[in-house]
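Encoded as structure tokens, the structure appears first; notes follow it.
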Amino acid sequence: MEFGSFCCGPVAVDLAAPSAALYDKVAETLNLYTVVWKSLSRRVQISVVWSDQPAPMLTGNYLTCGRMHVDRSEGGLSATCRSGASVVSDAERINWTLSVPRQSHSGEAVPEDVEDLVGLVLVAAWRDLNKVALHAGSISRNGTCALLCATSGGGKTTLTASLIRRGWQTLGDDKLLLVIDGQGVSRLSALIHNFNLHPRTETWFPEIGDISRLPRYSAWTEKRKVRIEAIWPGAAAFEGVPTHVLAIERSSAISDIRVAPMPKEEVLPTLLRQTVVPKDRDQAAQILKALAVTARAVKGLRVTVGQEVYRHPDRLEALE
């Protein structure tokens, strides 16, 4: 058996796996969370096992994603992926059993969608602490803290990296935690202080060097992991109070950057697109309340980024 412990934001994860192949695959996902929190509020256990048969897909009565269906019952949460890998929790969502079908009788290949199941464990633990996971970036400076919202591959990382070169800080480019404190104030916390940059962006960031030589972020993407503090010392921030929400889109029709006010009624839908809301009424209400409080407190902007902007960094002044 292989054993280890990991800190993923405010959650400690104890991992047990019967082989190095299984352990390494789960640890790969857990090791993404590089920010060390001062205190841990919850501890969960993941026990990984090989299974002889793939698990059938569930109905998805709690959540349906592209590669994963999640059901909820009185006994806890259970999820299956298209590869036949599955995870089941106890009623308290503390102890999880992750089952991985053997891909062949002679080998121990581990399907890539195991990372989705591990992600479910973490998101469930964060939600039990009333924290909302956001797939968004963040920049901050002199009391301004902006959430950068876009689809996956929509330019959050490139814009974030370009701004920290100009003296901004970042909580991260991809995964953040949002909580409403006792005074009703929205607060963001960092989880990952690595950037996920595509090798094709290296001409814009020569200080990084050959991006293609860096570790791959995931099997699903060509993006590589860039440690923020190793390239831009002092650029990593840990907490922030959001003041702005930026909806980012790319355009090949322009060469500059254009900024326009976002109607107030569009701020909440923009935030909703950066998280996953389950079908469970209580869980959905918790998430929607946190996002609604945040939406009321921030200013929304629409940011259209032209294809030549990063070759001419001074064009970012319009956004700043």
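Once you have a ≥ b ≥ c as the square roots of the Cα gyration tensor eigenvalues for the range 7-113, tell me rounded if a/c is under 1.5, and otherwise prolate or oblate according to whether a/b is larger than b/c.
The shape class here is oblate.
Any idea what the dipole of the chain comes to, in debye rounded to 20, about its Cα centre with Lys/Arg Cβ at +1 and Asp/Glu Cβ at -1?
The dipole of the chain has a size of about 760 debye.
At a probe size of 1.4 Å, how large is the accessible area of Glu320, to the nearest 10 Å²?
Surface open to solvent at Glu320 totals about 80 Å².
Using a 7 Å offset from the Cα along the Cα-to-Cβ direction at both Arg166 and Glu266, what is the distance between the two label points in nm, to one decimal?
Result for the modelled spin labels: 2.1 nm.
Sort 251-263, 151-163, 55-67, 9-21 for me by packing, meaning the mean count of neighbouring Cβ atoms within 10 Å per residue, highest on top.
Packing proxy ranking, top to bottom: 151-163, 9-21, 55-67, 251-263.
Plugging the Kirkwood radius over Cα pairs into Stokes-Einstein for the chain, at a temperature of 20 °C and a viscosity of 1.002 mPa s, what D comes out in µm²/s?
104
Put a dot 7 Å past each Cα toward the Cβ at Arg82 and Arg200; how far apart are the dots in nm?
Label at Arg200, label at Arg82, 2.3 nm between them.
Just to make sure I understand: if all protein chains stay in place, what is the order of Arg43, Arg187, Arg82 by accessible area at 1.4 Å, largest first?
Of Arg43, Arg187, Arg82, the descending order of accessible area is Arg82, Arg43, Arg187.
Want the number for Asp14 to Ser252: 0.36 nm per residue separation, take away the alpha-carbon distance, what's left?
Full extension of this stretch gives 81.0 nm more.
Roughly how many debye, to the nearest 20, is the charge dipole of the range 243-320 about its Cα centre, given +1 on each Lys and Arg Cβ, -1 on each Asp and Glu Cβ, and no other charges?
280
Using a cut-off of under 19 Å, list every residue of the range 160-188 whose amide N is near the label point 7 Å from the Cα of Thr144 along the Cα-to-beta-carbon line.
Correct set: 160-173, 188.
Given a Förster distance of 22 Å, report the FRET efficiency between Glu239 and His135 from their Cβ-Cβ distance, rounded to the nearest 0.05.
About 0.75, to the nearest 0.05.
How far is it, in nm, from the label point at Asp52 to the one at Ser5 when both lie 7 Å from their Cα along the line to the Cβ?
3.6
About its Cα centre, how strong a charge dipole does the range 162-320 have in debye, to the nearest 20, once Lys and Arg get +1 and Asp and Glu get -1 at the Cβ?
300
In whole percent, how big is the carbon plus sulfur part of the accessible area of the chain, probe 1.4 Å, protein atoms only?
In the chain, the share of accessible area belonging to carbon and sulfur is 50 percent.
In Å², and per residue, what accessible area does the chain have when probed at 1.4 Å with the other protein chains present?
Here the residues of the chain average 46 Å² of exposed surface.
How far is the Cα center of the range 192-233 from the Cα center of the range 87-146, in Å?
Going from one Cα centre to the other spans 22 Å.
Report, to the nearest 10°, how far helix 114-128 tilts away from the longest principal axis of the Cα atoms in the chain, using its own Cα long axis and a range of 0 to 90°.
80
Over the heavy atoms of Leu197, what accessible area does a 1.4 Å probe trace out, to the nearest 10 Å²?
0
List residues of the range 110-137, by number, whose backbone nitrogen lies under 17 Å from a label position 7 Å along Cα→C-beta of Asp24.
110-115
Rounding to the nearest 10 and keeping the result within 0 to 90°, find how far the Cα-based axis of helix 281-297 lies from the longest principal axis of the chain.
For helix 281-297, the angle is close to 10 degrees.
The values are calculated or read from the model by the stated rules, or taken from the named source; none is laboratory data. Here the structure is a predicted model, which means the values were calculated and not measured. A quick note on method: Cβ atoms are made from the backbone with ideal geometry, for glycine too, and the neighbour counts reach across all protein chains shown. Side chains are part of the model used for accessible areas, which takes the heavy atoms of the whole protein and leaves out ligands, DNA and RNA. Shrake-Rupley method; radii C 1.70, N 1.55, O 1.52, S 1.80 Å.
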